[in-house]
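Presented below is the structure to which this report refers.
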Amino acid sequence: MRAILLSCFGGVLAVISVQGDEGSAARTPWGLVADPVAPLVVSTCGSCHSPYLITHHHRDRDAWEKTLLKMQKNGMKALPDSFQAKVLDYLVLYQGPLKEDRPPESPWAQAAFHANPLWD
């Protein structure tokens with residue numbers, strides 16, 4: 001795996017990352033996907049709580065937008081529209097709803113979950 005370089009410029013965290021050999025996305029030390037917008041997300045959300053909190057939530061765009069509005073009511077500075085759009089795009093892209101990895105419903109997939117008809 002290749003290195004992730006971190007540096008601090010004027011209190012804003014800059015993340016420069018190189019994708020790992022196994023093809024997975026590089027991560028910041030807080031578990032966020034390293035992306036040019038990640039420092040903006042960290043500086044916006046991390047000023048009040050740990051960025052780790054973000055990685056535990058997976059929401060759609062409407063839910064993330066409601067979350068940002070709620071955070072603004074709790075004291076977060078309002079973001080300019082262009083910044084808010086970037087933060088929302090990042091959250092939806094990397095912290096969007098989880099996709100279920102179970103096989104689709106079919107008579108053939110049921111055997112994986114009910115191997116013995118007596119168990120039902």
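Only the coordinates and a few stated rules stand behind these numbers; no lab work does. What you are looking at is a predicted structure, and each value in this text was computed from that prediction instead of being measured. Positions of Cβ are backbone-derived with ideal geometry, glycine not excepted, and every protein chain shown enters the neighbour counts.
Tabulated values for the structure
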item: Inter-residue pairs, beta-carbon under 9 Å, first within 18 Å of residue 77 (Cα to Cα) and touching a residue at least 12 places away in the same chain (Cβ under 8 Å) and in the range 28-57, second among the charged types (D, E, K, R) and surrounded by 13 or more Cβ atoms within 10 Å (Cβ to Cβ), 6+ apart; result: 37/86; 37/89; 40/86; 41/35; 41/86
item: Hits in the range 36-90 - residues which are in contact with a Cys (Cβ under 7 Å, 6 or more places away or on another chain) and within 22 Å of residue 26 (Cβ to Cβ); result: 51, 54
